[in-house]
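Please read the structure below before turning to the comments.
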Amino acid sequence: MVRAYVTVTTVTETSPDIVVELRELEGVKKADIVAGRFDIIVEVEADSHQDLLVLITEKIQAVPGVGRTNTCIVLE
C-alpha cells in the first residue's frame, strides 16, 4: 500500500467545488481546503506506485479547476 499527500493549487475561487469532487474519487481518503501556499491538501492511498500515478495524473489532475499538484509520498 502506498500513501501520499497531494497539495493542489486551484483556479481562483474554485476550491469549494473541487474539494467536493476530489472527496468522491476512489483512493482519496481526505481532502481539505487550507490556507497558505496551496489551496487543498489531499490524502491518498493506492495499491502501488503505478496506481498512485494513475490516481494523480488521470483523476486528480483531470478535475476541472485543478492547476498545479505536488505529491509527497509517505515513507514511514
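A compact table of results
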| item | result |
| --- | --- |
| Normalised contact order of the chain, rounded percent, pairs of Cα under 8 Å and 6 or more residues apart | 47 |
| Computed lengthening from GLN50 to VAL20, 0.36 nm per intervening residue step minus Cα-Cα distance | 8.3 nm |
| P(r) histogram, all alpha-carbon pairs of the chain included - 5 Å bins from 0, percent | 3, 18, 33, 26, 14, 6, 1 |
| Neighbour net charge for ALA31 - beta-carbon separation under 15 angstrom, K R +1, D E -1 | -3 |
| Of all accessible heavy-atom area on the chain, the percent that carbon and sulfur account for (1.4 Å) | 49 |
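The values are calculated or read from the model by the stated rules, or taken from the named source; none is laboratory data. A quick note: this is a predicted structure, and the numbers were derived from the prediction, not measured. For neighbour counting, all protein chains shown are included, and Cβ atoms are generated from backbone atoms with ideal geometry for every residue, glycine included. With ligands, DNA and RNA removed, areas are computed over all heavy atoms of the protein, side chains included. Shrake-Rupley method; radii C 1.70, N 1.55, O 1.52, S 1.80 Å.
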